[in-house]
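Undergrad: Quick one: this structure, given as structure tokens, is what I'll be asking you about.
The values are calculated or read from the model by the stated rules, or taken from the named source; none is laboratory data. These figures come from a predicted structure and were not determined experimentally. All Cβ positions, even for glycine, are placed from backbone atoms using ideal geometry, and neighbour counts span all protein chains on display. Note: areas computed on protein heavy atoms with side chains; ligands, DNA, RNA excluded. Shrake-Rupley method; radii C 1.70, N 1.55, O 1.52, S 1.80 Å.
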Amino acid sequence: MNYEHIKTGLLIGLIGLSMVLTWKLWTFQPNFALLDDTTRYVPNEAVSEEKRLTDLILPEQMVIHYGDQHSMIPREAAEFEELYQSLLNASLDEGELMSAGPFPKEGTEGGIEFVFPAALPIDIFLGLFQVDREEMSIPITAVNRLYVYIEEQSEQVRMQLLSSEDEPIVELDTTLAPGELEEKVVRGIEEYPAVTALSEIDEALQSTNKAIYIPNVPLTAERLSFTVSPIPGEFFRQSLFTDPDSVKYYRQSGSEESYTDGNRIININNNGLFMEYNNPIFSDTQERSSKHIILSSYEFINGHGGWSDQYLLSSWVSTEARDEAEYRMHVNDLPVISFQGLDQMKLSTTRSGNQIESYSRPLFDLDASPIDARQEVELPSGERLVERLRDQEFFDFERLEKVTVGYEMIMPNPSFVTVNPYWFILYDNHWQKITFNEEGGEADGLE
């Protein structure tokens, strides 16, 4: 009797399990929408990265002054980053505020000058130090260069702020340790390459505040090669359109591709290597944004995690019609100024009113480490560079804005790139490569 009861119970259980499984089978519906999204867009690890503003605003030069000697701390030196972080971690206090100059301060044992790639609006500059503008009343609108030095009477580290737009030189008190600064100045003046201010060489620049320093000896930089990973246009379709499902894809003649929702458009060109995004404005009565273009562009790119590789603020401009900001790629702590002869290795944004109107960028990411093919390249001294510039007919030193060692990037095939170091100058708002006759048979001059 007990045996029959057990069989009956097992049979009832199996029937019940069969009914449950049958119901599950009948009611199962695969999530085709989820599968469809997966096929349309696979996240790319090269992008989707957010950064802090302090990661994007760095000095382009750091110059030690000691008596009549000057040395430049290379960007790749560990002390460059350490000094800058020590500076940002210092507290600031209003000192005498205005000074008659000169800049850098004379009559001191020495100090360190920080040169920024573009003028930093005073609100953004103070924000780097986590100081609210309302807490400090500083009578300048922007900062191009700053100089920290030890005030002999008080034995306190002070800071000079120089603006290319305003007359007064502002002086602030800091909490930097005098002993630490003095040690870095004395040791660094001997350890790092000696430089000369171009204004001391050419009379045309003596009346200007341009910070152009050139090395007294030849420099070395590495020629490097990297494998690259493409950044799919699908990433930006998902992040730059309000309704990605309404966006249509078009393949145009040649290698160009487009995504558009009828208003915004992304054009992908140069065999998928570069992208241009446009969001046109059709109104003539756009209200002008009160937010600086540096902040607007930073928030726009941060908003879609668009930082890949190392990009640093390089320039901005503001006019009645529009505002523009650019962040240039850096490799091995040097700016990449040319790609196959064109100035394209940057994130460029344009704003009209309060809306980002255009955005252009590369669509490939360099792998973290270079491949084994490294080669040191020696670059001529600053004296040789000046001689080369003087050899150029009609060259005007007053129109010279910057001098730097930078990289020219070439792409022998779609899977890797090579970066070659050269001297570059910013002349009449355009970057030009300087070549010398010993550089592999290349022609002398400006390119």
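Undergrad: State whether the residues of region 286-293 include one that is farther than 19 Å from Thr418 by Cβ, among the hydrophobic types (A, V, I, L, M, F, W, C) and in contact with a Ser or Thr (Cβ under 8 Å, 6 or more places away or on another chain).
TA: Yes - at least one qualifying residue is present in region 286-293.
Undergrad: Among the listed residues Gly272, Gly303, identify the single one that is open to solvent by less than 70 Å² (accessible area, probe 1.4 Å) and under 24 Å from Ile57 (Cα atoms).
TA: Being open to solvent by less than 70 Å² (accessible area, probe 1.4 Å) and under 24 Å from Ile57 (Cα atoms) holds for just one of Gly272, Gly303, which is Gly303.
Undergrad: If the requirement is being modelled with pLDDT under 90, more than 26 Å from the chain's Cα centre (by Cα), surrounded by 14 or more Cβ atoms within 10 Å (Cβ to Cβ) and closer than 20 Å to Gly95 by Cα, which of these qualifies: Ile169, Ile140, Ile150? Give the derivation first.
TA: Details: Ile140 fails: more than 26 Å from the chain's Cα centre (by Cα); Ile150 fails: modelled with pLDDT under 90.
None of the other options fit; the residue is Ile169.
Undergrad: Going by what's in this entry, would Lys210 be described as of a type in the set (D, E, K, R) and under 23 Å from the mean Cα position of the chain (by Cα)?
TA: yes
Undergrad: If only one of Ser338, Ser358, Ser348 is under 18 Å from Pro421 (Cβ atoms), open to solvent by less than 50 Å² (accessible area, probe 1.4 Å) and either modelled with pLDDT of 95 or more or of a type in the set (Ser, Thr, Tyr) (or both), which one is it? Give the derivation first.
TA: Numbers: Ser358 fails: under 18 Å from Pro421 (Cβ atoms); Ser348 fails: under 18 Å from Pro421 (Cβ atoms).
Only one candidate qualifies: Ser338.
Undergrad: Now, a different point. List the pairs whose first member sits in region 234-252 and is over 16 Å from Asn302 (Cα atoms), whose second member is among the β-branched types (Val, Ile, Thr) and open to solvent by 80 Å² or more (accessible area, probe 1.4 Å), and whose Cβ atoms are under 8 Å apart, counting only residues at least 6 apart or on separate chains?
TA: Matching pairs, first to second residue: Glu234/Val42.
Undergrad: Another one. Give me the pairs, please: first residue somewhere in region 90-118 and within 19 Å of Asp132 (Cα to Cα), second residue anywhere and modelled with pLDDT of 90 or more and among the basic types (Lys, Arg), beta-carbon distance under 7 Å, and either six or more positions apart or on two chains.
TA: What qualifies is Gly95/Arg158.
Undergrad: Name the helices (runs of 4 or more DSSP H) wholly inside region 1-105 in which the number of residues that are at pLDDT below 65 and surrounded by 10 or more Cβ atoms within 10 Å (Cβ to Cβ) is 2 or more.
TA: So the answer is 2-27, 32-40.
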